[in-house]
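Report on the structure given below.
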Amino acid sequence: MIVRIFSEGQYRLDDAAHAPIEQLDEALRKAVEGSDQVLFKGALAELVDYVRDHGTALADDELTASDIMIPPPDTSLEEAKTEFTGEGLIPEP
Amino acid sequence: MPGMSGRMSTIVKAKVSKMLDRAEDPAETLDYSYNQQLELLQNFKKGIADIVTSKKRLQLQEQQMQQQVVKLDTQARQALAQNREDLARVALERKQSVQGELQGLDQQITDLEGQQQKLIDSEAAMRAKLEAFRTKKEVIKAQYSAAEAQVRISEAATGVGEQMADVGLAMQRAIDKTQNMQARADAVGELEAAGTFDDLTQLGPGKDDIDRQLEQVATSGAVDDELAKMKVELGSGGGAPQALEAGSEEEAPAEDEPAAQPAGGEAA
């Protein structure tokens, strides 16, 4: 499967990575809901690191749609809370 | 996926498919993407220019603040040498506040540099994807049946669409951050204009009472020093306390002494 880390690029991961990514993502969602700054930073970093460590970066000339898209690694809790909840931060392509 | 990534994926996919739906066939999708790309690149150049401007402005402000720190430190020392601990305290308090602002500015400038680099990287990735799309489209057309080609080109176009969403997001965030920093820099500028800390170190109108007192102390200190030096030269052998006492009575000769001018100027 293909995962895109926004502001960074796409990675190809084994399909088996889906479950752990989903878990990490769930932890991230909870951190945002709980407004926990420390938890949020940690969860986002863990998710991003997992993809980087387990995936292979796609070449620039590979054109594939992603199955999962992860917010930019430097996303702030405020951005996550306000911008990613609606359509805010993703502009019209 | 119910989490953040899932939500993000859903939003981006919805936007990309909306974009692709506007095109009736894959070739048209390419043209559409290309025009979008040209527009994006224009916005990009503007975004990067804005960031560079903001960065320069913040750097200038940083320099001014660094000078203030040095001046306030000097003034504090001078006040303390004159046993004016109250004034020294005020100067040091102001120095602390300027230093606090400085640290914030430093972080902001670093952030801006990061944003600038991200925009440049995003632009390069976008160019690469679009170039790949243009060549791949022809290859796919030559290799596959019309129906299959349509599917594959749509898939590739989705990849380009995602990249655009990525680039658009990077730009949006950079603009937001720049605007925030601009607002903050403006607020600091207003503080300075209001005399909160800048005026303390400047001669001319706008000086407050503490400024004048600090200046007086620095000036009279310089005068006293000069007098003490002169007395030693004249062989009167006067100690420091005696020189300080004499200082208030013999201001006029001290002002004629050329060496007193640089000392007074430094204090200002």
Notebook entry, point to check: For residues in the stretch A:22-44 being surrounded by 14 or more Cβ atoms within 10 Å (Cβ to Cβ) and of a type in the set (A, V, I, L, M), which is farthest from A:Ile68 (Cα to Cα)?
Noted result: A:Leu39
Next item on the list: Select from the stretch B:38-68 the residues that are in contact with a Ser or Thr (Cβ under 8 Å, 6 or more places away or on another chain) and either of a type in the set (D, E, K, R) or outside any helix (DSSP H, G or I) (or both) and list them in ascending order.
Entry: B:Asp50
Checklist line | Sole exception among (1) in a helix (DSSP H, G or I); (2) at pLDDT below 80 for B:Ser9, by number | finding: (2)
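Can you pull out every residue in the stretch B:145-155 that is in contact (Cβ under 8 Å) with a residue 40 or more places away in the chain and more than 10 Å from chain A (Cβ to nearest Cβ)? Full working, then the answer.
At the first step, the residues of the stretch B:145-155 found to be in contact (Cβ under 8 Å) with a residue 40 or more places away in the chain are B:149-150, B:153-154.
Selection gives B:Ala149, B:Gln150.
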Next item on the list: Could you tell me which numbered condition B:Leu119 fails, if it satisfies all but one of (1) within 13 Å of chain A (Cβ to nearest Cβ); (2) among the hydrophobic types (A, V, I, L, M, F, W, C); (3) over 30 Å from B:Gly47 (Cα atoms); (4) crowded, with 18+ Cβ neighbours inside 10 Å?
Entry: (3)
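Could you list all residues from the stretch B:129-144 that are within 10 Å of B:Gln163 (Cα to Cα) and facing chain A (nearest Cβ under 8 Å)?
Restricting attention to the stretch B:129-144, the residues satisfying the condition of being within 10 Å of B:Gln163 (Cα to Cα) are B:129-130.
Result: B:Lys129, single match.
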Check: Being assigned to a helix (DSSP H, G or I), modelled with pLDDT under 85, more than 10 Å from chain A (Cβ to nearest Cβ) and farther than 17 Å from A:Glu79 by Cβ, is that true of even one residue in the stretch B:156-167?
Finding: no
Notebook entry, point to check: Do any residues in the stretch A:3-22 that are more than 7 Å from chain B (Cβ to nearest Cβ) and free of Cβ contacts under 8 Å to residues at least 24 places away in the same chain have Cβ atoms under 6 Å from those of residues that are in a helix (DSSP H, G or I) and not aromatic (Phe, Trp, Tyr), where the two are at least six apart or on different chains, and which pairs are they?
Noted result: none
Notebook entry, point to check: Which residue, of B:Thr178, B:Thr158, is of a type in the set (Ser, Thr, Tyr), in contact with an Asp or Glu (Cβ under 7 Å, 6 or more places away or on another chain) and surrounded by 15 or more Cβ atoms within 10 Å (Cβ to Cβ)?
Noted result: B:Thr178
Notebook entry, point to check: Using beta carbons and a limit of 9 Å, which pairs, at least six apart or on different chains, have the first residue in the stretch B:41-66 and touching a residue at least 24 places away in the same chain (Cβ under 8 Å) and the second one aromatic (Phe, Trp, Tyr)?
Noted result: B:Met65/B:Phe197
Next item on the list: Identify, by number, the condition in (1) surrounded by 17 or more Cβ atoms within 10 Å (Cβ to Cβ); (2) more than 36 Å from the chain's Cα centre (by Cα) that B:Glu138 doesn't meet.
Entry: (1)
Margin query: Checking the condition under 22 Å from A:Val3 (Cβ atoms) and assigned to a helix (DSSP H, G or I), which residue from B:Ala142, B:Ala147, B:Ala132 passes?
Written below: B:Ala132
Note to self: For the stretch A:23-70, give me each residue that is within 8 Å of another protein chain (Cβ to nearest Cβ), at pLDDT 90 or above and closer than 27 Å to B:Glu131 by Cβ.
What the structure shows: A:Ser66, A:Asp67, A:Ile68, A:Met69, A:Ile70
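The values are calculated or read from the model by the stated rules, or taken from the named source; none is laboratory data. As the structure is a prediction and not an experimental result, all values here were calculated from the model. Note: ideal-geometry Cβ built from the backbone for every residue, glycine included; neighbour counts use all protein chains shown.
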